[in-house]
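Engineer: This is the structure I have questions about; it appears just below.
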Amino acid sequence: MKAGNFVRWMQCPPHLSKFERGQIQEVQGDLARLAWFETWVQISELEFVEPTAIERHRCNGYGKPIIEEF
């Protein structure tokens with residue numbers, strides 16, 4: 001996985017479920033930082049997902065296009 005990939009955080013806490021789908025902002029070793037979060041997540045807790053048109057538009061609007069390459 002690399003910065004720009006769109007993923008779903010499988011171990012997302014229930015109170016944050018609105019943010020379980022997002023874009024990877026940064027990767028360091030086996031950790032990734034997702035958009036909207038300051039904390040790091042284990043890459044093993046992430047799975048690739050196809051972004052919806054709205055999610056794709058939002059990422060492009062923030063100047064962070066989604067990277068489809070794995």
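The values are calculated or read from the model by the stated rules, or taken from the named source; none is laboratory data. Just so you know, these numbers come straight off a predicted model, no measurement behind them. Cβ: placed from backbone, ideal geometry, glycine included. Neighbour counts: every protein chain shown. Calculation scope for accessible area: heavy atoms of the full protein, side chains included, ligands and nucleic acids excluded. Shrake-Rupley method; radii C 1.70, N 1.55, O 1.52, S 1.80 Å.
Engineer: Just from its helices, what would the mean residue ellipticity at 222 nm be for the chain, if runs of 4 or more DSSP H residues each count -39500 (n - 2.57) and the sum is divided by every residue, rounded to the nearest 500 deg cm²/dmol? Walk me through the intermediate numbers first.
Structural biologist: Working: 1 runs with 9 residues, N = 70.
For the chain, the value works out to -3500 deg cm²/dmol.
Engineer: Taking amide H positions as placed in the peptide plane 1.01 Å from N, state which residues far from residue 21 in sequence (5 or more) or on other chains have amide H under 5 Å from it.
Structural biologist: For residue 21, whose amide H was placed from the backbone, the distant partners under 5 Å are 9.
Engineer: Would you mind getting the accessible area per residue of the chain, heavy atoms of the protein chains only, 1.4 Å probe, in Å²?
Structural biologist: Accessible surface, normalised per residue, equals 65 Å².
Engineer: Let me ask something else about it. What does the charge add up to near residue 56, with Lys and Arg as +1, Asp and Glu as -1, over the other residues with Cβ less than 13 Å from its Cβ? Mind showing how you got there, number by number?
Structural biologist: Values: positive: 21, 58, 64; negative: 50, 55, 68.
Taking every other residue near residue 56 into account, the sum is 0.
Engineer: So what is the relative contact order of the chain, in percent, for Cα pairs below 8 Å that sit 6 or more residues apart?
Structural biologist: Values: 108 pairs, mean separation 26.3, N = 70.
For the chain, the relative contact order is 38 percent.
Engineer: Follow-up question, since we're still on this one. Select one label from [x] 1.00; [y] 1.29; [z] 1.94: the one whose number is Cα Rg over 2.2 N^0.38 Å as derived from the coordinates shown.
Structural biologist: Matching entry in [x] 1.00; [y] 1.29; [z] 1.94: [x].
Engineer: Still on this structure, please answer the following. Once Lys and Arg get +1 and Asp and Glu get -1 on their Cβ, which of 60, 48, 34 lies farthest toward the positive end of the dipole of the chain?
Structural biologist: It is 60.
Engineer: Run the numbers for residue 25 and residue 50: contour at 0.36 nm per residue of separation, minus the present Cα-Cα distance, in nm. Don't skip to the end; give the middle numbers.
Structural biologist: Details: separation 25, 0.36 × 25 = 9.00 nm, distance 1.66 nm.
So the chain would gain 7.3 nm between residue 25 and residue 50.
Engineer: Sticking with this one: Extending each Cα 7 Å along its Cβ direction at residue 58 and residue 42, get the distance between those two points in nm, one decimal.
Structural biologist: Roughly 2.6 nm, to one decimal.
Engineer: Roughly how many percent of the accessible protein surface of the chain is carbon and sulfur, given a 1.4 Å probe and a whole-percent answer?
Structural biologist: Values: 2510 of 4560 Å².
The C+S portion of the solvent-accessible surface of the chain is 55 percent.
Engineer: May I ask for the net charge around residue 30, where only other residues with Cβ less than 14 Å from the Cβ of residue 30 are counted and Lys, Arg are +1 while Asp, Glu are -1?
Structural biologist: Local net charge: 0.
Engineer: Moving on to the next point. Residues of region 35-70 with amide nitrogen under 16 Å from the 7 Å Cα-to-Cβ point of residue 16?
Structural biologist: Label zone hits: 35-47.
Engineer: Moving on to the next point. Using the Cα centre as the reference, give the magnitude of the dipole from point charges on the C-beta atoms of the chain (Lys, Arg: +1; Asp, Glu: -1; all else neutral), rounded to the nearest 20 debye. Walk me through the numbers on the way to the answer.
Structural biologist: Numbers: 8 positive and 10 negative charges, 55 e Å.
The calculation lands at about 260 debye.
Engineer: Once phi is turned into θ = phi - 60°, what whole-Hz ³J(HN,Hα) does the Karplus curve with 6.51, -1.76 and 1.60 give for every residue of region 40-55, x standing for Gly and Pro?
Structural biologist: Computed from phi, the couplings for region 40-55 are 9, 10, 5, 4, 5, 8, 10, 9, 5, 9, 7, x, 6, 4, 5, 5 Hz.
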